[in-house]
1. Any idea which residue in the range 84-132 is nearest to Leu25 (Cα to Cα), counting only those that are hydroxyl-bearing (Ser, Thr, Tyr) and buried (at least 19 other Cβ atoms within 10 Å of the Cβ)?
2. Quick check on my filter: what residues within the range 1-28 are of a type outside the set (A, V, I, L, M) and in contact with a helix residue (DSSP H, G or I) (Cβ under 8 Å, 6 or more places away or on another chain)?
3. Checking Leu34 against (1) assigned to a loop (DSSP other than H, G, I, E, B); (2) of a type outside the set (Asp, Glu); (3) surrounded by 12 or more Cβ atoms within 10 Å (Cβ to Cβ), which test does it fail?
4. Which residues, taken from the range 46-60, are small (Gly, Ala, Ser) and either touching a Ser or Thr at 6+ places or on another chain (Cβ under 8 Å) or assigned to a strand (DSSP E or B) (or both)?
5. Among the numbered criteria (1) in contact (Cβ under 8 Å) with a residue 40 or more places away in the chain; (2) touching a Lys or Arg at 6+ places or on another chain (Cβ under 6 Å), which one does Lys61 miss?
6. I need a count of the residues in the range 61-107 that are assigned to a helix (DSSP H, G or I), more than 17 Å from Cys40 (Cα to Cα) and among the β-branched types (Val, Ile, Thr).
7. Which residue, of Ser26, Ser53, is more than 20 Å from the chain's Cα centre (by Cα) and over 28 Å from Leu121 (Cβ atoms)?
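What follows is calculated from the coordinates using simple rules that are stated; it is not laboratory data. Model, not experiment: these values are computed from the prediction. All Cβ positions, even for glycine, are placed from backbone atoms using ideal geometry, and neighbour counts span all protein chains on display.
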Amino acid sequence: MVQHFEIVIYTAGTQDYAEAIIAQLSLQNYISRLLHRDHCVRACETSITKDLSIVGTNFAKMIFIDDAVQNTKQHPQNSLLVSRFTGDVTDCWLSMISPFLVKLAECADFRSVSCKFDLFLLGYDLPMESCVEGVKLSKEIKSKSENTRMTWKLIKDESCLDELGDEGITSSARGIFNRGV
């Protein structure tokens with residue numbers, strides 16, 4: 001992805017922990033910045049969240065991939081919620097979304113990442129402009145999604161989809177997963 005994007009790691013973990021993981025995975029040459037727990041914002045007395053404004057101001061060119069729904073609520077147009085990594089060596093979420101990210105890099109405006117991901121999953125071309133108003137899937141697209149026989153056996157944990165509202169992040173994907181195709 002470094003060929004297409006500037007990679008910033010933003011973790012709720014400590015700086016020492018994040019640096020150790022990055023070193024263990026030999027990712028130093030691919031990451032432009034590391035933001036850690038000290039850069040997070042206190043959401044309430046018992047929780048913290050991530051503020052994307054610390055990353056930059058060009059939200060049209062920002063994708064925020066996270067596994068915690070509370071972190072995606074502040075910037076939903078830039079967010080893509082993925083399944084939590086639990087150490088399973090067969091976890092393929094990032095590999096699965098890589099073709100989408102490469103295609104998204106061609107867009108002038110990445111927002112709404114979730115709507116564009118839905119369109120990508122359904123086999124539609126991505127709109128090159130912004131969808132910031134929250135594009136609703138048309139009847140034609142909904143019809144296609146109901147008739148699409150996709151196999152998503154790579155995804156082991158769909159629990160991240162349970163917390164999403166009606167608008168959701170990857171609402172079409174949730175429909176495909178729930179039908180078990």
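1. Ser114
2. Answer for the range 1-28, where residues must be of a type outside the set (A, V, I, L, M) and in contact with a helix residue (DSSP H, G or I) (Cβ under 8 Å, 6 or more places away or on another chain): His4, Phe5, Tyr10, Thr11, Gly13, Thr14, Gln15, Gln28.
3. Just one mismatch for Leu34, condition (1).
4. Ser47, Ala60, listed by residue number.
5. Result: Lys61 fails condition (2) only.
6. So the count comes out to 2.
7. Selected residue: Ser26, the only one of Ser26, Ser53 that is more than 20 Å from the chain's Cα centre (by Cα) and over 28 Å from Leu121 (Cβ atoms).
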